[in-house]
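For reference, the structure is listed below as structure tokens.
Just so it is clear, none of the values below were taken in a lab; they were calculated from the coordinates. Keep in mind the model is a prediction, meaning the values are calculated, not measured. Positions of Cβ are generated from backbone atoms using ideal geometry, with glycine treated the same way; all protein chains shown enter the neighbour counts.
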Amino acid sequence: MGATFDYWKLTKTVLFYALVLVIVVVSVFPFYYAILTSLKSGTDLFRVTYWPTSISFDNFRQVFSQGAFPRNLLNSVFVASVTVILALFLAVTASFALSRVRFRGRGLLLMTILAVSMFPQIAVLAGLFEVIRFLGIYNTPWALIFAYTIFTLPFTVWVLTTFMRDLPVEIEEAAIVDGATPWVIITQVFMPLMWPALVTTGLLAFIAAWNEFLFALTFTVSNETRTVPVAIALLSGGSQYEIPWGIIMAASVVVTVPLVALVLVFQRKIVSGLTAGGVKG
Amino acid sequence: MASIELRNIRKSFGAVNVIKGVDLEVRKGEFMVFVGPSGCGKSTLLRLISGLEDITSGEMLFDGKVVNALTPSKRGIAMVFQSYALYPHMTVYENMAFGLKLEKGNSKEAIRERVEKAADMLQIRQYLDRLPKQLSGGQRQRVAIGRAITRDPKVFLFDEPLSNLDAALRVATRIEIAKLHEGMHDVTMIYVTHDQVEAMTLADRICVLRDGLVEQVGTPMELYEKPDSIFVAGFIGSPKMNFLTGEKAEAFKCATLGVRGEHMLVKPDGIWEGEVIHTENLGADTYVYLEMGQEEPIVVRLEGAMQHPSGSKLRVSPMEDRVHRFDEAGKPIR
Amino acid sequence: MATDAMAPVGTAATPKIRSELMLQRVRAARWFLVPMMIALAIVAGWPLTRSIWFSFTDATLNDLYGAEWVGFGNYLRWQVLESGTVRYRGVLADPDWWNAVWNTVRFAFWSVLWETVLGMIVALVLNAEFRGRGIVRAAILIPWAIPTIVSARMWGWMLNDQFGIINDLGMKLGLLSAPVAWTASADTAMTAVLIVDIWKTTPFMALLILAGLQMIPKDIYEAADIDGVHPVKQFFRITLPLVRPALMVAIIFRVLDALRIFDLIYVLTPNSRSTKTMSVLAQENLFQFNNFAEGSTQSTLLFLLIAIFTILYIWIGKVNFEGGDR
Amino acid sequence: MKMKLLLAGLLTSVTLVGGAAQAAELSIVSGDTGSGLAFLRSQLDRFEADTGHTVTVVPMPSSTTDQFGQYRLWLAAGNSDIDVYQTDVIWAPQLADQFLDLSEAAADVVGNHFPSIIESQTVDGKLVALPAFTDAPALYYRTDLLEKHGKSVPETWAELETTAMEIMEAERAEGNSEIWGFVFQGNAYEGLTCDALEWVMSNGGGQIVEPDGTISINNDQAAAAIDRAAGWVGTIAPEGVLAYMEEESRGVWQLGNAVFMRNWPYAYALGNGDDSAVKGKFDVAPLPAGDGEGARSAATLGGWNVAVSKYSPDPEAAIELAKFLASEEVQKERAIQQSNLPTIPSLYEDADVLEASPFMENWKAIFEQAVPRPSAPTKTDYNEVSSLFWSAVHDTLSGNGSAAENLEILEADLQDLKGDAW
């Protein structure tokens, strides 16, 4: 009896780790390949290899010497951070209203917010361009922060509304009895409880803003205000038709590393399961 | 420290009327228990008193002042929830101090002093730095009570605080609450439960609710001895009161005859005969269930361990002066 | 926003003293919603209205402000020839449009289906306790973290028939007998796009589901374990119902995104008929061809289609707008 | 502190320039590559020194579709931030309404350029852009392989077919399993329009839409040319050629895996790079001719121009800049430093130019056979025309219908698009 049990357990463990391995390999392989490519140069780029054959950091040097890449990196950090902070701030408060206060037309309002996400981004480009010029924020980071709310806000509002709806009513009532105003309930009671959801949505929104290309290309015109995806598109080879693969891959690696670091920093928060304990639904 | 008066209080959720006009007075320093079957509106009534729920119509007075519009914190209430509702991300200390911190004008030292005083009262001082998830159910409930005490409320509200605890803890905590009440004489307490034992043991007065209306208010003994209706009679007391109808009731000139199990006497010349269908031996006493042609079996409570094999016949008589007679409408005939 | 929309439900009957608490909450709700609504109105309201308006005009990008009203002409118009045959014109009569609709729907269905299934598996794996979980969690986010324009090109490179590593790998492992020109051939272009999209977006799904899983109390599982409920049954009876709200929202947003898919296809297979989606077609008309009005029409139709889908989804999926409130 | 310095610098520069006649601040947008931008900057520095104007370069992604979409949007919105645009040959006619007419301003220099290029930038008598440099593709061939197998450089497509097939088979038999006969740009995109226009034109099949606006594509010679190309896919060219753009073809070529390649001049320098497998083993020739009536070698005209935005706040200075960038002087520098083909015939005989880029001699012959894409006659509809054309060709190459069938539908579609007039 005991022996079969152990055998079964071992199989399960092995299968589980095999699954983990597959997931990791599939996720990381293209990125690994990008790193590999970023270390190659010249005709080597066209040869398939699985391990680094020769290592040259030329491409990385190129990335930082062409244009204003460090500046672009900084712009991206600024734009994405502010976008996320703004979106989370607006969304946390709005989703409190949408999930915790009963009022007429709530469903309709949620649908309207969602409807914003239904229009192809490409189609709002012209109209948005007009608004941004009207507001006088053209070619500034604010233009992008403003434009990005069009996709971060509906998303964060919806996700946070869903999560906030699931928080136990009695916790909120206890806070009310303790004399907490809605603002205090949100900031001191709900937000700590929603860390996993906040960090997750924040992270997803951050990456979405970080990676956005079309708006960034349209609403900024100088190297000093552009963000990383545009900067990558601006990386060029020696002539019109030449695509500088090595440099592009090097830039992608440079751009992706901060995000991976970000995830590593926040990943504890993602799973800080606060569920056991005082909360009971 | 506050008397509470409810005047024709009504509450509806949309088209559903939950509280249908309740008049009630809770005296200063009194321990009032709301009891009733689930869905009777007892929790809603508590929440109306707390201010968490909007009153649809009627007036609520604390110390003679209308408080319909006041927020819970301004009413000076504290509440203990069924699920404890502790803030999971705060330590026990922070949980207890949260309300005080939100009140303006409390110094850090004052807060600490009050929290520690409450903690000592409940013997949870050693847990002050722990998170709720590191505590057992009973400890959590004490923290919840401690949180309420710290706020120094005029009115203390309990919403079925013991129902998430196991039987042993339930009794222990019940005693704890009773002691608490003794120690805080001037605080008005309102306690909601569906368990009549809790109601009987804790209450100064009990308010039996049924279907959104007050059925009877009185001390536990009043309710036990002089129930105002079949409903109250059946709800209060354990084992449940026996109800006899038909010929057996007519013999006592009533529509329904109520006799508690402990008021039945086994005698060879008993006026009723029944067949034993089941015996529950509790050690100190024994419940014997008799089939007597009534809707439900008749319970007889006997002191000590007794043996009555199933199928045997038993003759019983009610104590004449302890029977409850009810008319057709379920009202007592006195 | 009309103020009375904020009135709590059920106030219609009797006039009464409104409690301060409810007033405070409703007031707070209003203040909480107003900034978001203003932001959305400016950032989305005007551009959306503009685009919809353009779809009823003959606007071109060379003459945006001199556009004239043409009613529904961009959607459907017809002309009766002398012979009596009726010629239909406009987006709704354009086979390219319907091809794009079909491509889009096909793409959205398969990508979201796979992403949900794989995302769930990944989330369940990440929810388990094991050594190195943090690293794995960061690793699976990499696909989502790489900018689309880059990952699309990267995959285009990897899928290349001559120097692509996928073909090389497939050949070496014996899965492929000859190199496949994934993005070139009409039969495989959609598959290629799907592979890349699923690879890229599964982390998004996985993370949202994981957040949902994290909020499930652990004691429920402990109880189920004690009751001897089989893990598979636990999944369907406990996990799935409890992550459903999070899952439903994740799916909504993924479907909306998938129906609007643009950048990936624009980079990977920009001109292949078998992958041209509604957004790609609209972009072409808006900015590449001189058909701004037609592109606006297509965008508006795409919007309508998504709206219909969402309403159906919410209706059939019984997505809950209520609950949790007091 | 820094701010102060900057401000001080600004002030002094303002006072300095204040003396010069109406110094303007100009912006030029360019999708040029790294070294191209550096070159542009160096020329602009000269311009700034000469005129006192200041010029900012706004770089753009090298994807031409991205550039075109952006420029269109900016121009539609009347964006006055950009004064001068660098445009592809096919763009100026589509954006003609938004650009200034340069015919008067450039009357003195127009005669110096190849007339066909000037023609391609003239819409309704309006010269909308000045040529900065030109481009034309060539047939790249492997000298070593041709020699080894005793073949000569093909002059017709039929010759190319047989030569490619023979060498490919012979090489494969020797174990070189990755070798292909011919690579070109077969993806469905603007590049296919270029390739296919060469096939059709070289076979005497016209240029899709003739300069007078007639739709000429539906003819037997055109159909035959495209059918022939369809026959290459999977035989002398890999199946994947249907997804190739310039870079993919160059990749195959540069690994030494192709006998022939059709590509632009940029591949010449790269193919002779140190790590190239074909370094010193190849040469270029004009593209082959077809065999029908009027058959001749044809090369699609590429190249870049400069146009001035109608919304420029300072059009005079902007025109000045455009003229400067199109001037003989800059073109010569460009030819020397950037190996870009000049649009001024005399420069092809310039000793300095030939010394720096000797291969240009080869291109003069190629350039003489250059054909413009029909962007001038089709005006704002050109992109759609091109898209319809490449789709029809791509369908044929992928085996969806014969050329004749697809061209018939194409003709009808083009007719619909044209309406009464382009």
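Mind checking which lysines have their Cα closer than 17 Å to the Cα of residue B:331? Skip sequence neighbours fewer than 8 apart in that chain.
B:226, B:253
What net charge is computed for the residues neighbouring residue B:282, neighbours being all others with C-beta under 14 Å from the C-beta of residue B:282, Lys and Arg scored +1, Asp and Glu -1?
Cβ neighbours under 14 Å give a net charge of -3.
With the radius of gyration and the Kirkwood radius both derived from the Cα set of the range B:4-234, what is their ratio Rg to Rh? Write out the running numbers ahead of the final one.
Details: Rg = 17.6 Å, Rh = 18.2 Å.
Taking Rh as the inverse mean 1/r over Cα pairs, Rg/Rh reads 0.97.
Once amide H atoms are built 1.01 Å from N in the peptide plane, which residues 5 or more positions from residue D:135, or in another chain, come under 5 Å H to H?
Result for residue D:135 returns D:302, D:303.
Where Lys and Arg each count +1 and Asp and Glu each count -1, what net charge lies around residue D:401 among other residues with Cβ under 13 Å from its Cβ? Write out the running numbers ahead of the final one.
Values: positive: C:273; negative: D:227, D:395, D:405, D:408.
Taking every other residue near residue D:401 into account, the sum is -3.
Please list, in order along the range A:123-136, the HN-Hα scalar couplings obtained from phi with the Karplus expression 6.51 cos²θ - 1.76 cosθ + 1.60 (θ = phi - 60°), rounded to whole Hz, x for Gly and Pro.
7, 8, 4, 5, x, 5, 4, 4, 4, 5, 5, 4, 6, x
Between helix D:328-338 and chain D, what is the angle of the helix's C-alpha long axis to the longest principal axis, kept within 0 to 90° and rounded to the nearest 10?
Taking the Cα atoms of chain D, the angle to D:328-338 is about 60 degrees.
From Cα pairs below 8 angstrom and at least 6 apart in sequence, can you work out the relative contact order of chain A, rounded to a whole percent? Don't skip to the end; give the middle numbers.
Numbers: 257 pairs, mean separation 85.4, N = 281.
Relative contact order of chain A: 30 percent.
Give me a comma-separated list of calculated 3J(HN,Hα) values for the range C:140-149, in order, Karplus coefficients 6.51, -1.76, 1.60 applied at θ = phi - 60°, integers in Hz, x for any Gly or Pro.
6, 7, 4, x, 6, 7, 7, x, 4, 4
Sort C:153, B:112 by Cβ crowding within 10 Å, fewest neighbours at the top. Mind dumping the intermediate values first?
On the way: C:153 20, B:112 15.
Ascending Cβ contact count within 10 Å gives the list B:112, C:153.
Can you compute the helix-only [θ] at 222 nm over chain D? Use -39500 (n - 2.57) per DSSP H run of at least 4 residues, normalise by all residues, nearest 500 deg cm²/dmol. Provide the component values of the computation, followed by the final result.
Values: 18 runs with 196 residues, N = 422.
So the calculated ellipticity at 222 nm is -14000 deg cm²/dmol.
Might you report the magnitude of the Cβ-based charge dipole of the range B:4-234 about its Cα centre, with Lys and Arg at +1 and Asp and Glu at -1, to the nearest 20 debye?
Details: 31 positive and 30 negative charges, 148 e Å.
Charge dipole, the range B:4-234, about its Cα centre: 700 debye, nearest 20.
Take the Cα gyration tensor of the range C:94-316, multiply each eigenvalue by 5, square-root it, and list the three semi-axes largest first, rounded to whole angstrom. Numbers along the way, then the final one.
Working: eigenvalues 247, 121, 39 Å².
Semi-axes, largest first: 35, 25, 14 Å.
Distance check, please: which entries in A:12/B:133; B:11/B:179; C:200/C:276 exceed 24 angstrom between their Cα atoms? Each step should come with its number before you reach the end.
Working: A:12/B:133 30 Å; B:11/B:179 34 Å; C:200/C:276 19 Å.
Among A:12/B:133; B:11/B:179; C:200/C:276, the Cα-Cα distance tops 24 Å for A:12/B:133; B:11/B:179.
To the nearest 0.05, how large is the calculated FRET efficiency for residue B:282 and residue A:108 if R₀ is 51 Å and r is the Cβ-Cβ distance?
About 0.30, to the nearest 0.05.
Can you give the helix-only mean residue ellipticity at 222 nm for chain B, where every DSSP H stretch with n ≥ 4 adds -39500 (n - 2.57) and the sum goes over all residues, rounded to the nearest 500 deg cm²/dmol? Please report the intermediate quantities before stating the final value.
Numbers: 10 runs with 93 residues, N = 334.
Computed ellipticity for chain B at 222 nm equals -8000 deg cm²/dmol.
Fewest first, what order do C:107, A:29 take by the number of other Cβ atoms within 10 Å?
Details: C:107 22, A:29 17.
With the fewest neighbours first, C:107, A:29 line up as A:29, C:107.
Tell me, Kirkwood radius of chain A from alpha-carbon pair distances, in Å? Mind dumping the intermediate values first?
On the way: mean 1/r = 0.0450 Å⁻¹.
The Cα-based Kirkwood calculation yields 22.2 Å.
Calculate how large, on average over all directions, the projected area of the Cα convex hull of the range A:2-46 is; give the answer in nm² to one decimal. Display every interim value, and only then the final one.
On the way: hull surface 15.9 nm².
Here the figure is 4.0 nm², rounded to one decimal.
Could you give the alpha-carbon Rg of the range A:137-197 over 2.2 N^0.38 Å, rounded to two decimals? Spell out each step's value before the answer.
Details: Rg = 15.9 Å, N = 61, 2.2 N^0.38 = 10.5 Å.
Relative to the 2.2 N^0.38 Å estimate, the range A:137-197 comes out at 1.51.
Skipping prolines and chain starts, which residues have an amide H placed within reach, meaning under 5 Å, of the one on residue B:265, given they are 5 or more residues away or on another chain?
When sequence neighbours closer than 5 places are left aside, the close amide H contacts are B:317, B:319.
What range in chain D is the longest one free of GluC sites (Glu not before Pro) that are in a loop by DSSP and have at most 11 other Cβ atoms within 10 angstrom? Don't skip to the answer; put the middle values down first.
Numbers: sites that count: D:104, D:174, D:293.
So the longest stretch without any such site is D:294-422.
Placing +1 at every Lys and Arg Cβ and -1 at every Asp and Glu Cβ, with all other atoms neutral, what dipole size does the range C:94-316 have around its Cα centre, in debye to the nearest 20? Write out the running numbers ahead of the final one.
On the way: 15 positive and 16 negative charges, 73 e Å.
For the range C:94-316, the charge dipole is close to 340 debye.
Through the Karplus equation 6.51 cos²θ - 1.76 cosθ + 1.60, θ set to phi - 60°, convert the phi angles of the range C:252-262 into ³J(HN,Hα) values in whole Hz; use x for Gly and Pro.
Rounded to whole hertz, the list is 3, 5, 5, 5, 4, 5, 5, 5, 9, 3, 9.
Mind checking C:161-174 for the average number of partner chain beta-carbons within 10 Å of each residue's beta-carbon?
Partner-chain Cβ atoms within 10 Å, mean over residues of C:161-174: 4.
Let's see if you can work this out: charge +1 on each Lys and Arg Cβ, -1 on each Asp and Glu Cβ, no other charges. What is the dipole magnitude of the protein assembly as shown about its Cα centre, in debye to the nearest 20? Walk me through the numbers on the way to the answer.
Working: 109 positive and 145 negative charges, 1497 e Å.
Taking the Cα centre of the protein assembly as shown as origin, the dipole is about 7180 debye.
GNM, chain B, Cα, under 10 Å: largest mean-square fluctuation among B:187, B:299, B:197?
B:197
How many percent of all Cα-Cα pairs in the range A:63-157 sit more than 20 Å apart? Numbers along the way, then the final one.
Working: 2279 of 4465 pairs.
Tail of P(r) above 20 Å: 51 percent of Cα pairs.
Let me understand the protein assembly as shown better: what is its radius of gyration from the alpha carbons, and its Dmax, in angstrom?
41.1, 143
Per residue of A:84-96, how many C-beta atoms from partner chains lie within 10 Å of its own C-beta, taken as a mean? Kindly include the intermediate steps, with their values, before the conclusion.
On the way: counts 0, 0, 2, 2, 0, 2, 8, 2, 1, 8, 9, 3, 5.
Across the residues of A:84-96, the mean count of other-chain Cβ atoms within 10 Å is 3.
Taking a cut-off of 22 Å between Cα atoms, list the lysines near residue D:379, but don't count ones fewer than 8 places away on the same chain.
Within reach: D:126, D:310, D:418.
What ratio of Cα Rg to 2.2 N^0.38 Å holds for chain D?
Relative to the 2.2 N^0.38 Å estimate, chain D comes out at 1.05.
Within chain C, what's the longest run with no GluC sites (Glu not before Pro) in a DSSP loop and at most 13 other beta-carbon atoms within 10 Å? Give the range, please.
Details: sites that count: C:68, C:82, C:129, C:322.
The longest uninterrupted stretch comes out as C:130-321.
What residues have an amide H closer than 5 Å to that of residue B:158, excluding those fewer than 5 places away on the same chain, when H is modeled at 1.01 Å from N in the peptide plane?
Amide H to amide H, under 5 Å and 5 or more residues apart or across chains, residue B:158 pairs with B:80, B:190, B:191, B:192.
Using Cβ counts within 10 Å as a stand-in for footprinting exposure, how do D:179, D:118 rank, fewest first?
Values: D:179 22, D:118 19.
Ordered from fewest to most neighbouring Cβ atoms within 10 Å, D:179, D:118 come out as D:118, D:179.
Work out the mean other chain Cβ neighbour count within 10 Å for the residues of D:66-78 and drop it here as an integer. Don't jump to the answer; show the numbers that get you there.
Details: counts 10, 1, 2, 11, 6, 2, 9, 10, 4, 3, 11, 10, 3.
Across D:66-78, the average partner-chain Cβ count within 10 Å equals 6.
Simple spin-label model, 7 Å along Cα-to-Cβ: residue D:220 to residue C:177 in nm?
Inter-label distance under the simple model: 4.0 nm.
How would you rank B:300-310, B:234-244, B:49-59, highest first, on the average number of other Cβ atoms within 10 Å across their residues? The partial results should precede the final answer.
Values: B:300-310: 13.9, B:234-244: 19.9, B:49-59: 21.5.
For the peptides B:300-310, B:234-244, B:49-59, the packing ranking is B:49-59, B:234-244, B:300-310.
Just tell me which lysines come within less than 29 Å, Cα to Cα, of residue D:279; anything on the same chain fewer than 8 places away is out.
A:40, D:148, D:151, D:332, D:364
Taking K and R as +1 and D and E as -1, what net charge do the other residues with C-beta under 13 Å from the C-beta of residue D:244 add up to? Provide the component values of the computation, followed by the final result.
Working: positive: D:250, D:262; negative: C:161, D:195, D:239, D:246, D:247, D:248.
Net local charge, residue D:244 excluded: -4.
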